[in-house]
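Q: The following block contains the structure, expressed as structure tokens.
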Amino acid sequence: MPTGVQGRLAGFKGVFFRHPDEAKYRGSLDPQIWVRDSQVKVHHGAFDGNSGPQPDRAMLVFDILSFTRTSPGRLSAQFITNMSFNGVPTEVFERLLQDDMEHLVRSMTTWEGPNALPNLVHVLEVEGGLRNRRLAQLAGGEAKARGFRMRESDTRSGGSDRSEENGQPVVAVDTSGLSPIWEERCADLLKASFKPQDTAFLHRTLKEVIRSNLQRKVEGYHVDLPCSASDPTGTLEPGEVYFRPSVPLLDSQGYQFDVLEGDCVMGRHPCMLPSDLQKVRAVNRAELGQYRDVVVCATRGRRSLASLLAGGDYDGDKVVITWYAPIVTPFEMSEEASERFATPPAELASCFEQESAPTLAELVSTGPLSDKGPAVILRGLRDKGRVGLVANFHLVSAYMTGYDGPETVLLAHMHVSFSSLLDSAKSGRRMKEDAFRDLSRRFGGRVPAWSQSAAERKYDDCSGNQNSPRRPEQVLGRFVMDSLMHHGQHLADSHMEKFPAECGIQRGDPDLVEYWDRFQKDHRQDADEISTHVQDAFSKYRKLIRGIAEMKAGTTTRGPQSPSKDRRQQEDELKALGRSFASGPVLKGYRPDDLGRLRATCAYQVGVRVGGACGIKFPFEMAFSDLCAVKARCSGKGFHIISADFHRQMQMNRF
């Protein structure tokens, strides 16, 4: 049973935890729930404790949205910036990044040895998030509650479903079975017994997987973190927390622990103020033993710990807690400084204006919406859209004026203050237009280079764009993310230079070549018809790919993003070609699956003979599943026939 769940019941919404004295109520046959005032969103007379009508049965259904869980956490740019400001040396992050990259490359380039390739499949499924993607599709609306999918704002896509490879679109041709996710392509090829040291297509795709994952680590980290709760027993002293994972974790010395003890650093997103990360003391309290996978915070003291962490409360937001000694030991944030940074500056009020927010009764009494009605409704969406812009303003200000500069602190409070901005649609409080224009003028340019994607930085270099903000390093010192970006890019380039070359790859896979040669020898006339059909498809494919490459080369000055209209047209043309390839030739006496395998191996022969990028990609983009089927049948080790629905629920474990 989880410690807490996020859910809804009637007009109540929030995170509900197990009762601290649950043994007292264990014998009761009637389910009971206790609700805090802050969890009451809609008042229903049936729940006011007064005599009245009984609540509708539908209002007594408890909807579970998610439950507490512990997941491995990785640092984000916001956390790194904060930790650097609070005393953690840049070298600590550089070493973490280096170790992370080396582990990734080593796990993806170990192709020889017992269970090497099954282990590679496991790594690909983890890095690409393949199993969670499949389970999320099967779970549908229950995906979030079951932990298969997080909120969009909390995640960056794990899989490398990039639509470009070597400057050319790589699109799943819907008849071939080729996945748009690079990790899944590699995993499917490995399961069919292809090897990266022998197959050029797998070798190149795996290289792109490593390149994209290394670049992802350079550009930022993804964070999956446990929930927080207030201390229901009152046993924790100020600055103390309690954390007990459901599965034992490792401490800084490499030993497993059941309950975390010692100094640690914790925080949550958005982490924009210097005080949004706090150094706390994890302790063991027997009274809290039933609470697992949540960080229990003290309720004693002048100010709650949760209110210091991004100005939040205990509503189930995810928190990060790290006990990694190289980070925890040098981290320093005094209580006086925390109070100073966490207190909103006086200038904050002057940036907002109050408008009367009509009640529901007032809206209904006015009859049909007036001409101003749509503007009133859409204004909330506009203000919410500005939250992201304010976050960018904060990013630029921290880079140009310092992480603790007055403008940076003001912008952080603008972003994180629920009553000032995020709740403006309900409270009627909104940012003044002149204040927003002033911020846009001062901090509304391009974001720093370290926060841009590789494509955006490349575009700036090619176009001579010099609009990125400049940091006065003589006064503020070098920004930690600038150092990490250059260090990470150097490491990524170095790893890619060491990636095994293709020179040792054989010209053609013997199993696929022999399959077609044997048929061609025994059925010359039918083989000629298949070959003519495949050759015609390859000519169209090569012409299409060349046209795409030329168009892309001519649109470099448009910026890092290609026009979506052109992309859709390219995908449609490739899919139409794939359908044409799979529909012919018409031959009597052949079952569709047999003809598909013959067509696939013929395309493979054509690709081997022509060579180059087009020759390598053509057969797999046109007949991916058929090539995998032929390879699995010819592996000499037997094969299993598994339906796609069943396969989506399977997971490869590490040996």
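Derivation of every value follows stated rules applied to the coordinates shown; laboratory data play no part. All figures in this text were calculated on a predicted structure; none of them were measured in a lab. Every residue, glycine among them, receives a Cβ derived from its backbone with ideal geometry; neighbour counts consider all protein chains shown.
Q: Between residue 198 and residue 613, what is 0.36 nm times their sequence separation minus the Cα-Cα distance? Round to one decimal in nm. Could the numbers behind the result be given before it?
A: Values: separation 415, 0.36 × 415 = 149.40 nm, distance 1.60 nm.
Going from the current span to full extension adds 147.8 nm.
Q: Then there is this: How far, in nm, would the chain grow between residue 350 and residue 303 when pulled straight, counting 0.36 nm per residue and subtracting the alpha carbon separation?
A: Extra length available between residue 350 and residue 303 comes to 14.4 nm.
Q: Another question, then. Given the pairs 195/637; 217/617; 191/588, which are separated by over 23 angstrom at their Cα positions?
A: Over 23 Å apart, Cα to Cα: 217/617; 191/588.
Q: Residue 633 versus residue 85, label points 7 Å from Cα toward the beta carbon: distance in nm?
A: Output for this residue pair reads 6.4 nm.
Q: Calculate the spin-label point distance for residue 498 paired with residue 8, positioning each point 7 Å from the Cα along the beta-carbon direction, and give it in nanometres.
A: In this crude spin-label approximation the distance works out to 5.2 nm.
Q: Continuing with this model, one more query. Just want the ordering: 529, 336, from fewest to most Cβ atoms lying within 10 Å of their own Cβ.
A: Numbers: 529 14, 336 8.
Going from least to most buried by this count: 336, 529.
Q: If r is the Cβ-Cβ distance from residue 441 to residue 112 and R0 is 60 Å, what FRET efficiency results, to the nearest 0.05?
A: With R0 = 60 Å, the Cβ-Cβ based efficiency is 0.50.
Q: Assuming R0 = 35 Å, what is the FRET efficiency of residue 256 and residue 22, from their Cβ-Cβ distance, to the nearest 0.05? Walk me through the intermediate numbers first.
A: Numbers: r = 28 Å, r/R0 = 0.79.
For R0 = 35 Å, the calculated efficiency reads 0.80.
Q: Same structure, new question: Using 1/(1 + (r/R0)^6) with R0 = 22 angstrom and r between the beta carbons of residue 513 and residue 594, what's the FRET efficiency to the nearest 0.05?
A: Values: r = 18 Å, r/R0 = 0.82.
Plugging the Cβ-Cβ distance into 1/(1 + (r/R0)^6) gives 0.75.
Q: Let me ask something else about it. Arrange the following residues from fewest to most other Cβ atoms within 10 Å of their Cβ: 34, 111, 182, 450.
A: The order, fewest Cβ neighbours first, is 34, 111, 450, 182.
Q: Report, in debye and to the nearest 20, how large the dipole of the stretch 245-336 comes out about its Cα centre when Lys and Arg carry +1 and Asp and Glu carry -1 on their Cβ.
A: The calculation lands at about 120 debye.
Q: Continuing with the same structure: Tell me the Kirkwood hydrodynamic radius of the stretch 507-655 in angstroms, computed as one over the mean inverse distance between distinct C-alpha pairs.
A: So the Kirkwood estimate lands at 17.4 Å.
Q: A further question on this structure: Relative to the present Cα-Cα distance, how much length would full extension add between residue 285 and residue 102 at 0.36 nm per residue of separation?
A: Numbers: separation 183, 0.36 × 183 = 65.88 nm, distance 3.88 nm.
My answer for the length gained is 62.0 nm.
Q: Is any residue of the stretch 67-108 close enough, with backbone N under 16 Å, to a label point placed 7 angstrom from the Cα of residue 404 along the Cα-Cβ axis, and if so, which?
A: Under cut-off, by backbone N: 81-89.
Q: Between the stretch 111-131 and the stretch 577-655, what is the separation of their alpha carbon centroids in Å?
A: One Cα centre to the other: 21 Å.
Q: Could I have the simple spin-label model distance between residue 131 and residue 535, label points 7 Å from Cα toward Cβ, reported in nm to one decimal?
A: Calculated label separation equals 4.8 nm.
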